[in-house]
Structures are given as structure tokens and as C-alpha cells.
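These notes concern the structure reproduced below.
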Amino acid sequence: MTSSANGTMLSCEGLTQTYLSGGRRLTVLNNITFSLERGGFLAIVGPSGSGKTTLLGLLAGLDRPSAGRVVLDGHDLGSMTEDERAELRSQKVGFVFQSFHLIPTLTARENVQVPLELRGEPAEERAQELLARVGLGDRSHHYPSQLSGGEQQRVALARAFSARPQILFADEPTGNLDAKTGGSIVDLMTGLNREIGTTLVLVTHDRDLAAKARRMIRLADGNVVEDITHS
Amino acid sequence: MNLPFVFRLAWRESRAARRRLGLLVGSVAAGVAALVAINGFTDNLRTSVGAQAKALLGADLNISGRKPFPERIESWADSMLAADSAGGGAKARVTAFAAMAFVPRTTGVRLVQVRAVGPGYPFYGEITTSPADRWRALGEGGKVLVDPTLLPALGAEIGDTLSLGNSRFVIDATVNNIPGDVGVASAFGPRIFIADRDLAATGLVQFGSRVDYDLYLKLGDPAKAQGIAQKYSLPFRDLRYRVRTVEDDRQDLTDTLTRLGNYLGLVALVALLLGGLGVASATHLFIRQKLPTIAVLRCLGATAAQVFLAYLAQALAMGLLGSLVGAGLGVAIQQVLPRLVADLLPVDVTIAASPMALIVGISLGIWVAAVFALLPLLGVRRISPLATLRRTDEPAPGRRDPLTWLAFGLLAASVVGLAAVQVRNLEDGLYFAGGVGAVVLVLWLASLGLIKGLRRYFPTKLPYLWRQGLANLYRPANQTGTVILALGFGAFLLATLFLVQYNLLREFRVGGALGGRPNLMFFDIQKSQVAGVETILAEGGHPGTAPVPIVAMRIHSLKGALVRPPGTAIDTTEDEGDTAPPDSTRASGSGQGGPRRPGGWAVRREYRSTYRDTLTDSETLVSGEWWTGPRGDGPGRVSLDRDVADELQVVVGDDIVWDVQGALIPTRVASLREIDWGRFQTNFYAVFEPGLLEQAPQMAVVLARADSAADRGRLQRQIAERYPNVSAFDLSQVQQAIEGVLDKATLAVRFLALFSLAAGTIVLIGAVTTARLQRLREGVLLKTLGATQRQVLRILVTEYVALGVAAALVAIVLSSGAGWALAKFVFEARFDLPVVSLSGLTALLIGLTLVVGLWSSAEVLKRPPLEILRGE
């Protein structure tokens, strides 16, 4: 195992998440431990309700675990406040969601600008450039409702990469798209992963997509049942 | 903090919210408009009073009283004017009294207020007449100038002969404008003006008639007026004359009008607060819609503070926009207000935009928008980025946010503060806030009760569509609370106003309509004329009641203590005046400190008393015994009105000596009565037992009843012709006058209360519009499942009718309580619910809710199902 200085981007230890449901304690994640190197590409797979999305939320610092810890690029998320984690996300993390989650009142380009503007960086030129990269250079003034699902996801991808994140979390990025469109999104993601060395963590049902990852963790009932690394 | 991002986000985020923008702007604008209008108008009034102060009084100094001026006052005035080194001084007399005016050509007759004016009056200001410039011609004699309302009342025209007492005059012109005069005053008795020199010939100013005497002085150096007034007001008061200056008048009027305007502003403030409620409710639902966006922003690394500030900035911007729109609207309304209240104002108001009112209105608008938006906006901080992964509809409940309490506190403090600043009085601000809080609380509890009750006792037997509509009242994201609160408050205000006015007027209406009750009153009948008046009435077929004798008197001593010292000498020397120190034995001093003394008004006033051996049906004995049997030795027995006895601080058994035109009549209080003043009949503070006053100078009053207006006119005419000094009150005219005055007096309040209804309607539109998406989704799903347009419409109609009924019922129950309390404790009138009119209000509210509801939901009906499902 490598330290964060020479390569670990993300690690978790004994990660457990339980909820109280109808008076009974429900274990959604049970004692998950793994780490991922810088520039790695991890796919988390498993059936519905296996805890994939919960794990993603915890890894990205969107939620706090019941037990265990997550270290993201050397920062222990458990010791940080909500706002400190937000700050960290704005510096190092990108997101892609199943339902795109573009902000409906912002144009495509403005959506891409948000992460840069949050960091107080010049945004317009880079946003335009990124949109061109995802093939939407001429759609920058369109609102999300004027774009197709695939186009929206491409904008979301441009937004995710706009602030040059160290790590990108994707939750079923192709779940709402047809196979062809989904394929092009995956190609874009892997391309950017290679180019700027962004670490990729994605949750998916899609076998083809999972097969492209260099590492695959399979969850079932909150436990890691398989951890395969392709070389 | 990265503020540029905050502002950029606020700006971009506002784009797609045009509809919401319009609503929030409207919410704030209605209240700000009302506030700017009333405060601006009050400001204009103040300025106008200042500018016209001299014309208000018409002179530098006024001395007024109920008796002809004794020689020493006249000579004091003359010598003072002569001593005035500046020169140019003058004096003028005005004598005012009530009398019957009669036009022989038309046989019209009417009780009028006569003013006999001496040459020179008014020294300041101009009385305008039509035809023009007839005022100065009055002094030629033989002419009369009249209120414009008198001509139609008498059926007369300019040039007609008008008879007044023993004299005849030519109607020369109508008087359009008298500075310092309140228009509605003419409703109680139109004014007519004659020359001072014509007064004696009318024979109307007789001993015992009620006359006001005014002496107006113009000084060579007006600046001296205040000093003179200060120096002589006390000795003049002892002689029962009052001294007023321009400055007194200006001060009194400014204070009164400003206070009135400030308190009227409270009604406008209610509209603004309702607008605030609209802001809060719209913001709440808006945040719910923005939940995914906010979650994404948090995911992308925006801090809670950044997101919160972005939406707060939006709220502030909308507050500003709404305030600006409202301010513009307010200035426009300010032009209309004078027309509503012109008859109640003694000055011509010059309308100008008031910078102060604008600044105050705009700041209050922004402040209210911000404070009300704060509470729902705090929830933004609790929206978790996790919501991007898992759909939720509400911000995470979390622990009770301490900032929420802070925001609540700020809100409550703001309401108190705004009201206190508006009326310049903290205590009243607290009362206002308490009242508003109580009404809001009751409305809120009522809506909560409705929601709970409906859920618990749901009418499961109703047809499906009805159930669906009713269930919308308690389902998640329902609008019940907001709508009842918003509409209920405006309706409550209007209904309360209406109820108070209705019950005040009812007292008169009932009196006038009841069979057999008198509706005509003849007064100032000389003892020698009583028999003649009775004969005319009896021959006309409308026999009068037994004549009621009236004796004018004052209190000489109370429980052995003298209440008025002999008049103090008046000296005209300017320095070192001999304004005698107040007599220590005098009980009338309004002295501060020390034991409470009997009230000056009750002690000093002139009493018009009667004597009889029975109680009337409007009197109830509350203490002591009514006299029976013949008068014994010792002091005579007198019965007092309970309130007057309180003022005088006397109880049964105390001695009072009365001064009846110089003759002293010792009495002992035998009983106290409670009097129902609402009846149209003669009532007296002091009633004497028979055998004491029969020989005193006295006048009589006779009441009669005639059902037709023609008969009433004929009787008045016959008596006026035969006995010109006898005046008549026609109850139906008085009733009309009172209705007219009340109507005008409440017009401004009702006008401003309409703004709260307007604000309430905007809030309603907001509530319906913001919940529209939900309704849209539901309606479309129902249509997809096979519901027809008609069925969806029926569901919506049921929902909005139920909401309207609920709001109206709560408002009416609440206003009935408030109206009852006001009638009982403030106006001491009986209370009655006008069911028909209240049903009208209910129908109006239901109609309003229905129209707004259906209009905003039109889309639910029109849009094809597929379009909306695809858009999801």
C-alpha cells in the first residue's frame, strides 16, 4: 500500500453505515475497507439495495458514517465540518449523477462555470473550451431543458472536470441514457481520466462500463463480496 | 466567502423565477403603496396646516365663550389694540347659533347654523363664494350667504328670499370654502352667514338660547399673540372665555392630524405584514422547489453560508423592487386620498411626493421582505448534498436550529418596532403587535384545527371527487394555513370595520323605525309659546309629548367648596400683569400632583337640567332613591347621571349648590341614574325634584312623531312661521347626517383596509401558484388514469370553495368577537350581527378564492398528460 504522498487518493477503513428503521437497526454498509491509488479507476457494482450509493456518498463526504473513516487526498473527512468538506469538494472533487442534476436556471456554460466560480477562478473561457471538448461548443447558451439527456450528461461531465478535480465520483452516469449515448459518455470520462490523471470512482449497474474500470468492487448486502483488479 | 459568486448566483437564479418575482414584488408593493400613500398624505397635511395656519383661525387671536362679551372684555380688547405700537390692529365679532331657515317661495324649512359676522372677519384667508366675491358684500346687510347643500334642501335658488326669525334676507351666493372649516360639519346643520348688524332684528338671540360668541383680533405685531394668550388665558378662563392663537390651532390640528395619520398607517402596516407573510410562504415553497439545485451546489462545494446569502440577496432585491413599485403606486394613491377625506379636513391639502414617506416606505418594504424571508431561508443551510443521490422533498429536519429562534425574535421585534415607529408610541406598538399576533394565532389555530379535524373526521361517504378536493386541504404541501391567514386577515379587518359601523348606525335606525317613537324635536320654546306649539301639533294630527322644561345652570359649590371664584380683573398693561394667582379654594384646577380633583369639564360646564317626578324609560336608578311625595324642608333633591357624579366625585347624600342665572339653589344628591343616550329623546345629567325650578328662566322641548316627510316638513314650517325662535330637529335628517359623516370617516380606513385584502389576494395567488406544480402533477396523473377534464375541475372547485368558506368563516367569527368587544367597551352600543351582509362577504371571499385558484390552475386542465409526464 502506498501513502497519500506517493499515490493513495482515497482510502476507507471499517466503514459502516446503519440506520434506524421501524425501531430496528438496519446495516447498510458493513465494515468496508479499501484504498485507491491516484489516477485509479474504480467501479462499484452490485444489485439494488446493496449499499453502492451509500458508499459513494460516504467516500465523497456527502454524509457521515456510523463507524469507520474516510481519507480523501490526505484529509480525514470525519474530522472536518460540513463546510470544510464543501471547501474540499470544491478544490478536489467532481461529480456526475444519474439524473444529471444540472441547475435548470443556468445555461449550459454557466453550469460548467459554477465549480470554477466557487473557487473564484476565471471561468468563461475554460467552460467554453470544456463544452467544445464534449461536443457542445455551439450549445453553451442553451438551458438544460433545451438539451437531450445525453447532452445534459455531457454538460454535467464538463462541469465535473471544469475545476480539474483530483477525483471524480459518478453515480450511475449512464443509467438514464441509451447504450450508444452512454458509451460516448464513458469514453469521454475514461479519456479525461487518462489525460489529466483524475481518479475515477463510479457506481454502476452497467456491466460493460464496469468492465472498463481497472478495479471492480462488488457489494452485496453491505459487504464487499468481490474485489478484482484488472491489470 | 467569495461574494462575487454569491451575487452572480443570486442574479442567474432569479431568471427562471419571473412568476415568483412578480408575486413577491406584488406582495411587498401593496403594503408599501398603502404606507407611502398614507404617510405621504399625513406629511402633506402637516405642511398644509402650517402654510394655512393663519387662515384657519382667520385672526391672530380668538376669544370665545357662551355669553355676550361683557364691557370689560371689549374695552380690554380696544385698549390693547390702541396700545399696540405697531398699529394696524382690528377686531371682529362672530355670533353663532342654531335657528330655522324658511324659504316662503318653496315653503322649504331647515335647521341651520347661523353665523353673524362683523366687518373685517376673516383677517386672514379668503372665503370663496359663487357667484364670486360676494363675501365682502355681506356687510351691506339684508343678505345671506349659504352652504351649497342648503339650496337643494330648501328647494331654493340664489336670489330667493329666506326668512330667519323676524327678518327676511336675500340669498346672495353660496359659500364654497371657509378656511378652517370641516366640510361634514354642514351635514348637521348647513351654515348660513348674515351681517352682524342684521342680528338684532332677527330676534333670535334671546335669553336662554344657545349662542357661541367669538371675538377675533388682528394684531399690529402678530408675534405678540402667543405672549398675550399666555398672560390672559387664565383670567379669561375664570370668566369662562377661551383664548386661542394661530399657533395653538396649528399645534392642536397638526398633533391631531398627525396622530390620526399615524394610526391610519397601522392599517397600511397590516397590508405590509400580510405581504411579508406572502414573502415567507412563497420563499418556503420556492426553497422546496430549489432543493435539488441547492443540493447540487452543496455537492460542488458551495458552503451553506454562500447558498443562504445568494437566496437572501435575491429576497432583498425583490424587496427593493417591490418597494420601488409600491412607492410609485403609493404616490399615485396619495393623489386620490384627499378626495376621500376632503370633507373631514379643515385645510386644502397640497399634494406633493414626500421624500420622508418614500424613504420610510421603501426601507420598511425591504426590511419586511428580508425578515420574513429569513425564516424559510434558514432551512437552506440544512439541505444536505446527499439529496443529490437520494430524492427528498423537505430539508432535513435536524435539531432545532438556534438561528430559527433568533429569526422568530427578530420578526416579532420588527412588528413591534415598525408599529411603534409608525405611531411614535412603544406601548401602542406593543398593543398592535399583540393584536396582530393574536389574530394570526387564532387564524393559524383555526387552519390547524381544520386540517386536523378534516383528517380525523373525514367525510368518507362523500362522492370521490369531493373527497379528493377536500383531502387536498390536508395533504402534504397544502395551502390551507397560508390562505386562511392571508385572506382571513384582510377579511377580518373589513368585517370588523363594517360591523362597528353597522351597529353604530343601527342604534339610530332602530330609533327612527320603531313605531310610535318621536322623530321630531322642537326646542328653545319660550314658556309663553308652549301652549301655541302644542296646539299646532295637535291640530296637525301629531300631538306632542308633554313639554320638558330646560333650565340652564352652573355649579356654584360642591360639598361646600366654592367651584368658581368671581371673575378676575383684566389688565392691559403688557408688563407685570396682574394675572392673579389661581384661587386656592378653587376646585376646578387641572393641577398635577396632589389628590385628584374633580374634573374641570364637569365642574365648569353649563348644565341644562330639568325637573320632573318620574323616571323616563331610558333611565335606570343605580343608587339612592327616587323622590316620592311632596318636597320637604332643607336642600332640594337632585338626581345625577352616574358618569357625571364620578367626574364630580360626589355620591348620594353630597351637597351641590347650583347657580341659576345668579340665584343659588342648594340641593342634595338623592340618586344616581344610568342613562341610555342612544334614544332620541331628552336626557339630562341633572334632574331636579319639582318645586325648585318652576320660577327659574326656562325653555321647553316638545317631541312629536310624524311618519311622512311631508308632514314633518309642514309641522316645522308652521311652527317656524309662528314662532321663529323655536328650532326643530328632524331625526331622519340627523340620522342621514350621522350616516354620512360615519361613512366619510370610515372611508379612508376602509380604503386602506382594502390594501390588506389586496395583499391577501396576492398571497393567495402566490400560494396557489407555488403549489401549482404539485397540482399539475396530480391532475395529470388523474387524467392519465382516466379522469375527465370535468372531474379534475370538480376536484379543484371543491378544494377552493372549501378554502374560501374556511377563510370567511374564521374571519367572520373573529371579527364578530372584535366587533362585539368594540361595540360594548368602546362605543357602548348594542351588538347585532347583520347576517345578510356577512353572507355577502363570505360569498366574495369564496368567489375570490375560486377565481384565483382556477385561474392559476388553468394549466392543469389544459395541458395534455403526455407533455407533463415527459417534462418530469
Per the rule of 0.36 nm per residue minus the C-alpha distance, extending B:TYR263 to B:SER85 adds in nm 59.5 nm
Averaged over residues of B:289-300, the number of beta carbons from other chains lying within 10 Å of each residue's Cβ is 6
Size-normalised alpha-carbon gyration radius of the range B:737-852, reference 2.2 N^0.38 Å | 1.44
Considering the convex hull of the alpha carbon atoms of the range B:702-745, report its projected area averaged over all viewing directions, in nm², one decimal.
-> 3.7
Among B:262-273, B:805-816, the order from most to least packed when residues are scored by Cβ within 10 Å on average = B:262-273, B:805-816
What translational diffusion coefficient, in µm²/s and rounded to a whole number, does the Stokes-Einstein relation yield for the range A:102-202 at 37 °C and a viscosity of 0.692 mPa s, taking the hydrodynamic radius as the Kirkwood radius over Cα pairs?
-> 244
Would you work out what percent of the accessible area of chain B, with all protein chains in place, is carbon or sulfur (probe 1.4 Å)?
-> 60
Tally Lys and Arg at +1 and Asp and Glu at -1 over the other residues with C-beta under 13 Å from the C-beta of A:GLU37: what net charge comes out?
-> +2
Of the listed pairs B:LYS67/B:LYS559; B:LYS67/B:LYS527; A:LYS180/B:LYS783; B:LYS143/B:LYS744; B:LYS290/B:LYS862; B:LYS231/B:LYS559, which have alpha-carbon separations greater than 23 Å here?
-> B:LYS67/B:LYS559; A:LYS180/B:LYS783; B:LYS143/B:LYS744; B:LYS290/B:LYS862; B:LYS231/B:LYS559
Dimensionless Rg over Rh [the range B:37-139; C-alpha; Kirkwood] | 1.06
Given charges at Cβ of Lys, Arg, Asp, Glu: chain B dipole, positive-most of B:ASN44, B:PRO549, B:PRO666 = B:ASN44
Counting each DSSP H run of 4 or more residues in the protein assembly as shown as -39500 (n - 2.57), what helix-only mean residue ellipticity at 222 nm follows after dividing by all residues, to the nearest 500 deg cm²/dmol?
-> -16500 deg cm²/dmol
Mind listing P(r) for the range B:136-184? All alpha-carbon pairs, 10 Å bins, whole percents.
-> 24, 52, 24, 0
Tell me, what is the FRET efficiency for B:LYS452 and B:TRP11 to the nearest 0.05, using R0 = 45 angstrom and their Cβ-Cβ distance as r?
-> 0.60
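Multiply the residue separation of B:SER837 and B:ALA223 by 0.36 nm, subtract the distance between their alpha-carbon atoms, and state the gained length in nm to one decimal.
Details: separation 614, 0.36 × 614 = 221.04 nm, distance 5.58 nm.
Stretched fully, the B:SER837-B:ALA223 segment lengthens by 215.5 nm.
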Dipole magnitude (debye, nearest 20) for the protein assembly as shown, charges at Cβ of Lys, Arg, Asp, Glu | 3900
Return, for the Cα atoms of the range B:269-382, the radius of gyration and Dmax in Å, separated by a comma.
-> 19.0, 66
Bin width 5 Å, alpha-carbon pairs only: give the P(r) of chain A as whole percents, running from 0 to the bin holding the largest distance.
-> 1, 7, 14, 18, 20, 16, 12, 7, 3, 1, 0
Could you calculate the FRET efficiency of B:GLU247 with B:LEU410 from 1/(1 + (r/R0)^6), where r is the beta carbon distance between them and R0 is 45 Å, rounded to 0.05?
-> 0.60
Packing-based order for A:181-187, B:536-542, using average beta carbon neighbours within 10 Å, highest first | A:181-187, B:536-542
With labels modelled as points extended 7 Å from the Cα through the Cβ direction, what inter-label distance (nm, one decimal) is found for B:ALA663 paired with A:ARG64?
-> 9.8
Taking Cα atoms only, Rg over Rh for chain B with Rh from the Kirkwood formula is 1.06
Pop a pseudo-label 7 angstrom from the Cα along the beta-carbon direction at both A:THR18 and B:TYR474 and give the gap in nm to one decimal.
-> 3.7
Rounded to whole Hz and in sequence order, give me ³J(HN,Hα) for the range B:253-262 from the Karplus expression 6.51 cos²θ - 1.76 cosθ + 1.60, θ = phi - 60°, writing x for Gly and Pro.
-> 5, 4, 4, 4, 5, 5, 4, 4, x, 4
Running Debye on the range B:416-486 with equal point scatterers at the Cα sites and no solvent, what base-10 log of I(q)/I(0) appears at q = 0.13 Å⁻¹?
-> -0.53
Taking amide H positions as placed 1.01 Å from N in the peptide plane, with prolines and chain starts having none, which residues 5 or more places from A:PHE41, or on another chain, fall under 5 Å of its amide H?
-> A:LEU200, A:ARG214, A:ARG215
Any idea of the total accessible area buried by the B-A contact, 1.4 Å probe, rounded to 100 Å²?
-> 2500
So what's the gap between the Cα centers of the range B:401-417 and the range B:297-373, to the nearest angstrom?
-> 20
Rounded to two decimals, the Debye log10 I(q)/I(0) of the range B:137-250 (Cα scatterers, no solvent) at q = 0.11, 0.20, 0.23, 0.24 Å⁻¹ is -0.52, -1.17, -1.28, -1.32
About its Cα centre, how strong a charge dipole does the range B:404-523 have in debye, to the nearest 20, once Lys and Arg get +1 and Asp and Glu get -1 at the Cβ?
-> 680
List, in order, the whole-Hz ³J(HN,Hα) value for each residue of the range B:490-506 obtained from phi through the Karplus relation with A = 6.51, B = -1.76, C = 1.60 and θ = phi - 60°; use x for Gly and Pro.
-> x, 5, 4, 4, 4, 5, 5, 4, 4, 4, 5, 4, 4, 6, 5, 6, 4
To the nearest 10 degrees, how steep is helix B:835-862 against the longest Cα principal axis of chain B, on a 0 to 90 scale?
-> 30
Mean per-residue count of partner chain Cβ within 10 Å for A:74-86 equals 3
Give, rounded to the nearest 20 debye, the magnitude of the charge dipole that the range B:39-163 has about its Cα centre when Lys and Arg contribute +1 at Cβ and Asp and Glu contribute -1 at Cβ.
-> 300
Under a 1.4 Å probe, what is the accessible area of the protein assembly as shown per residue, stated in Å²?
-> 43
What list of ³J(HN,Hα) values in whole Hz, one per residue of the range B:162-177 in order, does the Karplus curve 6.51 cos²θ - 1.76 cosθ + 1.60 (θ = phi - 60°) give from phi, with Gly and Pro shown as x?
-> 10, 9, 9, x, 8, 10, 10, 10, 9, 6, 9, 5, 9, 9, 8, 8
May I ask which residue of B:LEU814, B:ALA700, B:GLN334 lies farthest towards the positive end of the charge dipole of the protein assembly as shown, with charges of +1 (Lys, Arg) and -1 (Asp, Glu) on Cβ and the Cα centre as origin?
-> B:LEU814
Partner shielding of B:713-726, as the mean number of partner chain Cβ atoms within 10 Å, equals 0
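What length, rounded to one decimal in nm, is gained on full extension from B:LEU854 through to B:ARG777, with 0.36 nm per residue of separation minus their alpha-carbon distance?
Full extension from B:LEU854 to B:ARG777 adds 26.2 nm.
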Listed residues A:ILE167, A:THR181, A:ILE217: farthest to the positive end of the dipole of the range A:153-231 (Cβ charges) | A:ILE167
What translational D, rounded to a whole number of µm²/s, comes out for the protein assembly as shown from Stokes-Einstein when the hydrodynamic radius is the Kirkwood one over Cα pairs, at 37 °C and 0.692 mPa s?
-> 90
Separation between Cα centres of the range B:90-135 and the range A:135-186, rounded to whole Å = 89
What whole number of Å gives the distance from the Cα centroid of the range B:219-233 to the Cα centroid of the range A:13-28?
-> 91
Quick one: grab Rg to one decimal and Dmax as a whole number for the range B:667-739, Cα atoms only, in Å.
-> 16.2, 47
Using R₀ = 30 Å, calculate the FRET efficiency as 1/(1 + (r/R₀)^6) where r is the Cβ-Cβ separation of B:ARG105 and B:ALA737; round to 0.05.
-> 0.75
Kirkwood Rh, Cα atoms: Rg over Rh of the range B:364-474 = 1.11
With the calculation restricted to Cα positions, what are the radius of gyration and Dmax of the range B:61-218 in angstrom?
-> 16.0, 54
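The values are calculated or read from the model by the stated rules, or taken from the named source; none is laboratory data. Bear in mind that the values here come from a model prediction, so they are computed numbers and not experimental data. Quick reminder, even Gly has a Cβ in these numbers, built from the backbone with ideal geometry, and neighbours come from all protein chains shown. We work out accessible area using only protein heavy atoms, side chains counted, and drop any ligands, DNA or RNA first. Shrake-Rupley method; radii C 1.70, N 1.55, O 1.52, S 1.80 Å.
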